[in-house]
Amino acid sequence: MRLRPLPAFEDNYIWALQDDAGAGLVVDPGEAGPVLAAVADGLQLRGILLTHHHHDHIGGVPGILERFPDLPVIGPRDERITTATQVVGAGDVARIGDWVFQVHEIPGHTVSHIAFHGHQVLFCGDTLFSLGCGRLFEGTPMQMLDSLDRLAALPPETRVCCGHEYTVANAAFAETVEPSNIFLRMRSAEAKQQRLAGQPTLPSTIADERQRNPFLRVDKPEVRASVERHAGRPLADRVETFAELRRWKDGFRA
């Protein structure tokens, strides 16, 4: 199995998953160009998975369908996505060729956001990032925290394939929140070297994120204490801690 991020726009990734025979699928093609280039390079495209409705994740679908009009497109139940040939939700199974994925509903970034988990891979769009999480454009802090909790409960070896190259910027914030986390400092240094070498920092793993991502660590005493210091007041519970942590990140400048 070959898993690779196809760069798009300024910092997006379109994920391509390909078997040894060349057949494969793509996830969240915001642009058609990188996908069609992969096809020219040998990808035998069998289908498309979509995690949410934002244009930088679905905008390339019409251009791909012009070339492959019978291609299955699997996405969430959302009237804003007009190109899906199959809609799925929590508990459903998404199948493209021999690929089989469990579908998880993970609202927060958007209300209809979903993730696909299978073959030790998680396609999580803009919900869980390496060392971060997505902004809350439509959902509530409680919804997003519940979504992240469910993703964090997946097997530790699961590879986390998110939609953007944000690791270095997220690391700067995470180190501000939890400066004594040695694993986080090591990951931050590694990510900087990867980007300097022109390499992607992804995928990470669920184990990596549990160990280093502050948004999965709101129950850790140091993280909670750091958020309370920044907020200037005691916080009632883990949901309020998460909400303040996300608000802090929204205004953070390294």
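Asn213 meets each of the listed conditions (1) modelled with pLDDT of 95 or more; (2) closer than 23 Å to Thr127 by Cβ; (3) surrounded by fewer than 18 Cβ atoms within 10 Å (Cβ to Cβ) apart from (3). In this structure, Ser180 does not satisfy being modelled with pLDDT of 95 or more, under 19 Å from the mean Cα position of the chain (by Cα) and not aromatic (Phe, Trp, Tyr).
Every condition in (1) closer than 20 Å to Arg246 by Cβ; (2) surrounded by fewer than 21 Cβ atoms within 10 Å (Cβ to Cβ) is met by Gln193 except one, and the failing one is (1).
Take Val218 and tell me if it is assigned to a helix (DSSP H, G or I), crowded, with 17+ Cβ neighbours inside 10 Å and over 18 Å from the mean Cα position of the chain (by Cα).
Details: assigned to a helix (DSSP H, G or I): no; crowded, with 17+ Cβ neighbours inside 10 Å: yes; over 18 Å from the mean Cα position of the chain (by Cα): yes.
No.
Among the strands (runs of 3 or more DSSP E) confined to region 89-166, the ones with at least 3 residues that are buried (at least 19 other Cβ atoms within 10 Å of the Cβ) are located at 99-105, 114-118, 121-125, 159-162. Residues in region 161-178 that are of a type outside the set (Phe, Trp, Tyr), over 18 Å from Ile206 (Cα atoms) and touching a residue at least 40 places away in the same chain (Cβ under 8 Å): Ala169, Ala172, Thr176, Val177, Glu178. The set of residues from region 203-254 being of a type in the set (Phe, Trp, Tyr) and under 15 Å from Ser147 (Cα atoms) comprises Phe215, Phe242. Just to verify a result, which residue in region 1-39, among those that are assigned to a strand (DSSP E or B) and not hydrophobic (A, V, I, L, M, F, W, C), is farthest from His53 (Cα to Cα)? Out of the qualifying residues, it is Arg2. Comparison of Phe129, Phe101, Phe123, Phe68 shows that the only residue that is under 25 Å from Asp208 (Cβ atoms), out of contact with any His (no Cβ under 7 Å at 6 or more places or on another chain), touching a residue at least 12 places away in the same chain (Cβ under 8 Å) and of a type in the set (Phe, Trp, Tyr) is Phe123. Of all residues in region 227-247, those that are open to solvent by less than 20 Å² (accessible area, probe 1.4 Å) have Cβ atoms under 6 Å from Cβ atoms of residues that are assigned to a loop (DSSP other than H, G, I, E, B), 6 or more apart or on another chain, in Thr241/Val218; Thr241/Leu235; Phe242/Val218. Kindly check whether there is at least one residue in region 43-57 that is part of a loop (DSSP other than H, G, I, E, B), of a type in the set (D, E, K, R) and open to solvent by 10 Å² or more (accessible area, probe 1.4 Å). Scanning region 43-57 turns up no residue that is part of a loop (DSSP other than H, G, I, E, B), of a type in the set (D, E, K, R) and open to solvent by 10 Å² or more (accessible area, probe 1.4 Å). For region 14-34, indicate whether the set of residues that are under 17 Å from Ala115 (Cβ atoms) and either open to solvent by 50 Å² or more (accessible area, probe 1.4 Å) or among the acidic types (Asp, Glu) (or both) is non-empty. Scanning region 14-34, I find at least one residue that is under 17 Å from Ala115 (Cβ atoms) and either open to solvent by 50 Å² or more (accessible area, probe 1.4 Å) or among the acidic types (Asp, Glu) (or both), so the answer is yes.
The values are calculated or read from the model by the stated rules, or taken from the named source; none is laboratory data. None of the values given here were measured: they were computed from a predicted structure. Cβ: placed from backbone, ideal geometry, glycine included. Neighbour counts: every protein chain shown. The area values use the complete protein model at the heavy-atom level, side chains included, leaving out ligands, DNA and RNA. Shrake-Rupley method; radii C 1.70, N 1.55, O 1.52, S 1.80 Å.
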